[in-house]
1. What are the pairs, 6+ residues apart or on separate chains, where a residue within the range 346-358 that is among the polar types (S, T, N, Q) has its Cβ under 6 Å from a residue that is not in a loop (DSSP other than H, G, I, E, B)?
2. Checking residue 219 against (1) open to solvent by 10 Å² or more (accessible area, probe 1.4 Å); (2) in contact (Cβ under 8 Å) with a residue 40 or more places away in the chain, which test does it fail?
3. Any residue at all in the range 416-437 that is assigned to a strand (DSSP E or B), touching a strand residue (DSSP E or B) at 6+ places or on another chain (Cβ under 6 Å) and open to solvent by 10 Å² or more (accessible area, probe 1.4 Å)?
4. On the basis of being open to solvent by less than 20 Å² (accessible area, probe 1.4 Å), in the same structural domain as residue 310 (by TED's automatic domain parsing) and among the hydroxyl-bearing types (Ser, Thr, Tyr), does residue 67 make the cut?
5. Looking at (1) modelled with pLDDT of 95 or more; (2) outside the structural domain of residue 266 (by TED's automatic domain parsing); (3) assigned to a helix (DSSP H, G or I), which is the only condition residue 350 fails?
6. Hey, any hits in the range 151-172 for a residue that's within 15 Å of the ligand (Cβ to nearest atom), open to solvent by 10 Å² or more (accessible area, probe 1.4 Å) and part of a loop (DSSP other than H, G, I, E, B)?
7. Of the residues that sit in the range 224-266 and are away from the ligand (no atom under 16 Å from the Cβ) and assigned to a loop (DSSP other than H, G, I, E, B), which one is surrounded by the fewest Cβ atoms within 10 Å (Cβ to Cβ)?
8. Give the residues of the range 276-295 that are surrounded by 18 or more Cβ atoms within 10 Å (Cβ to Cβ) and within 20 Å of residue 689 (Cβ to Cβ), sorted by residue number.
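The values are calculated or read from the model by the stated rules, or taken from the named source; none is laboratory data. Worth saying up front: this structure is predicted, and the values here are computed from it rather than measured. Every residue, glycine as well, gets a Cβ built from its backbone with ideal geometry; the counts of neighbours run over all protein chains shown. Just the protein is used for accessible areas: all its heavy atoms, side chains included, with ligands, DNA and RNA removed. Shrake-Rupley method; radii C 1.70, N 1.55, O 1.52, S 1.80 Å.
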Amino acid sequence: MKRHTLALAAPLLALAATTAITAPAQAQQAARPWSNAKLSPDARAKLVLAQMTEDEKLTLVFGLFGTDFAPKNFKTPAEARPGSAGYIPGIPRLGIPAQWQTDAGVGVATQGSAVNKRGRTSLPSGIATAATWDPALAFKGGAMIGAEARASGFNVLLAGGVNLLREPRNGRNFEYGGEDPLLAGTMVGAQIAGIQSNHIISTVKHYAINDQETDRFKMNAVLDRTAARMSDLLAFNFAIERGTPGSVMCSYNKVDGLYACEQPWLLTDVLRRDWGWKGFVMSDWGATHSTVAAANAGLEQESGWPFDEQPYFREPLKAAIAKGEVSKARLDEMAHRILRSMFAHGLFEHPITAAPLDLPPAMLKAHADVTRADAEAAIVLLQNKGDVLPLAATAKRIVVIGGHADKGVLAGGGSSLVYPVGGNAVPGLEPKVWPGPVMYHPSSPLEALRRQLPNAQITYLDGTDATAAAAAAKQADVALVFATQWTGEAFDVSLSLTDNQDALIDAVAGANARTVVVLETGGPVLTPWADKTAAILEAWYPGTAGGEAIANVLTGKVNPSGHLPASFPRSLAQLPKPSAPNEGETRYAEGAAVGYKWYDAKGDKPQFAFGHGLSYTRFAYAGLKAAAPKGTVTVRFTVRNAGTRAGADVAQVYVSGNGWEAPKRLGAFQKVSLAAGASKPVTVTIDPRLLAVFDGASNRWKIAGGSYKVLLGHSADDIAATTTVTVPARTLPASWHP
Ligand code: BGC
């Protein structure tokens with residue numbers, strides 16, 4: 001079953017029936033001037049719209065769930081892709097293709113209630129991809145999952161999660177890009193661009209301030225509007241600029257007292273007037289709550305019927321138009337925006353066909369390499385005392401403990417779950433149904449280690465008996481403890497590891513100083529045992545080839561280069577909200593001071609800072625210079641690999657100004673691969689909005705003239721060099737973009 005329990009039963013199937021009229025294709029072609037791909041998407045949308053009846057327009061703005069839903073007596077049309085998230089019938093009379101929608105950000109998901117699951121390639125979690133700090137990799141991952149979406153019969157991928165990690169306990173943080181607007185927006189935007197390179201539409205979601213899952217269907221998020229522009233909304237703004245998604249998905253929660261899908265400030269003032277975005281807004285599944293308010297506020301497509309309490313678009317919208325409560329022009333605009341995205345992203349020129357359940361093995365094999373490369377670059381070496389890692393080739397006795405490392409690697413739960421080819425490696429764990437099942441991709445770190453270290457004796461204990469684990473660790477050269485945290489949609493989590501895993505790590509570390517902890521978590525967790533352990537590796541949810549990727553990093557076949565996209569707190573007391581997310585209303589008093597900005601503003605230090613990530617080599621910076629000849633700050637420096645192994649550095653440029661939410665902001669970054677001893681010059685520019693304060697009264701970005709500090713660092717709390725730059729005073733319209 002899916003996520004809601006709904007009482008109402010009002011199947012709308014009759015309304016969704018495809019108007020299947022066929023005529024010889026060529027004759028149609030001549031009569032269809034909108035099929036001229038040389039015209040702009042807007043011109044084409046206008047041409048086809050002029051031929052559409054009101055009912056056809058209403059068909060486009062009303063989405064159906066793509067899977068049967070028994071509690072509401074809902075049977076999806078036969079034309080929907082089985083077990084999918086959504087279906088909007090096409091209009092064959094005019095050659096308008098259907099929209100076939102599937103989740104989501106790590107690959108082609110299947111709804112939990114579907115009988116047959118599509119086995120597909122899973123990327124590492126969104127936060128993991130953000131940890132690569134490598135937009136080119138994010139693009140490749142997006143291109144890969146977009147190719148699988150197309151090959152699976154889908155032309156809309158509901159990916160692009162970019163909610164800011166403001167609440168480390170948010171159960172969906174694994175789907176998003178971390179705590180910084182520039183990093184998250186850049187990485188998620190690149191992934192969207194990759195997805196859409198397959199001539200399909202991607203979303204960006206969940207718009208907006210959907211930063212917790214507790215009470216997600218109705219909680220009211222209250223965040224100062226100017227602070228939102230410099231935090232949550234800025235992440236969306238960057239992702240939209242970089243990715244140009246065809247669709248934005250508005251979220252479940254309320255924002256400033258109104259449901260996000262009927263909040264005109266979000267949907268019209270910010271998205272249209274200020275950002276000039278031209279795609280269409282679709283609601284999250286069950287996030288529409290009105291007809292007139294939603295349509296007039298800027299919602300273009302009600303999604304996933306029957307998840308709303310009642311249908312609000314289609315017949316009720318028709319009635320509202322008849323009464324003049326919603327104008328005919330608004331319905332035209334709604335349909336226009338949907339069609340425009342379909343033209344702009346190639347849905348007309350690159351038709352999709354129904355697809356078999358299984359993908360060709362050669363495709364899956366090639367895609368496993370893409371996801372493995374992403375996972376390898378995402379893994380963050382948080383701590384490495386006494387250079388316990390990489391595992392010495394001479395290590396003879398290694399004990400691997402816990403985390404089902406003998407079987408596979410963990411995935412996050414909920415609608416984004418990609419079912420693995422080969423099935424769940426650890427079936428039967430609770431919860432078995434929504435937002436479960438708890439899924440392990442069949443990629444065993446233990447087996448990969450055994451393959452790579454054939455001369456070592458590698459034993460495995462499941463970790464349920466801490467005493468036995470400690471005894472085994474005592475006999476070993478190195479102990480590897482795999483610790484997991486299952487997170488997912490529809491619930492928030494504690495930051496403490498469950499199932500006595502902290503005690504297990506304590507016991508093992510007490511028995512063997514050379515204890516390495518490998519974390520598979522949705523996001524930041526508390527690591528009270530950090531001082532007692534030698535090394536800590538954050539592997540996130542590493543996807544289809546995750547076990548191999550982890551082993552490659554442990555053995556040094558791959559030099560770790562991931563850096564944290566989110567701070568790991570030392571304790572809950574350090575957070576803006578020490579207590580668990582509440583129901584009803586959440587006020588974000590910290591404003592734009594999210595993550596490292598919060599710690600900086602408080603003069604506090606987290607356990608592991610934003611941007612932190614070690615390597616098996618060392619990097620040094622030289623020649624830091626910053627200039628702003630025409631107002632835009634350009635920063636130059638050289639990165640040198642000062643160690644003895646090839647590796648990749650993530651050079652982070654922070655800026656420091658006055659009157660900001662916090663002492664510094666990430667202004668730019670660059671991942672640089674270097675052979676041992678090699679160096680490379682780097683030039684980056686800083687988006688002027690990152691030097692500005694958003695002024696609500698004038699609706700403009702304001703940059704104060706004067707001297708700014710430019711800091712070059714290995715992480716938010718490890719700054720290697722500082723310089724200053726003088727910037728002229730400037731104001732920029734809210735619509736400014738590079
Ligand atoms: C989720 C969305 C998802 C949709 C369709 C909702 O519950 O919040 O992220 O795209 O379902 O499955």
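1. none
2. If we test residue 219 against (1) open to solvent by 10 Å² or more (accessible area, probe 1.4 Å); (2) in contact (Cβ under 8 Å) with a residue 40 or more places away in the chain, just (1) comes out false.
3. Narrowing the range 416-437 to residues assigned to a strand (DSSP E or B): none.
No - not one qualifying residue is present in the range 416-437.
4. Working: open to solvent by less than 20 Å² (accessible area, probe 1.4 Å): yes; in the same structural domain as residue 310 (by TED's automatic domain parsing): yes; among the hydroxyl-bearing types (Ser, Thr, Tyr): yes.
Yes; evaluated as a whole, the condition is true for this residue.
5. For residue 350, the exception is condition (3).
6. There is no residue in the range 151-172 that is within 15 Å of the ligand (Cβ to nearest atom), open to solvent by 10 Å² or more (accessible area, probe 1.4 Å) and part of a loop (DSSP other than H, G, I, E, B).
7. Among those residues, the one meeting the criterion is 257.
8. Listed by number, the list holds a single entry, 277.
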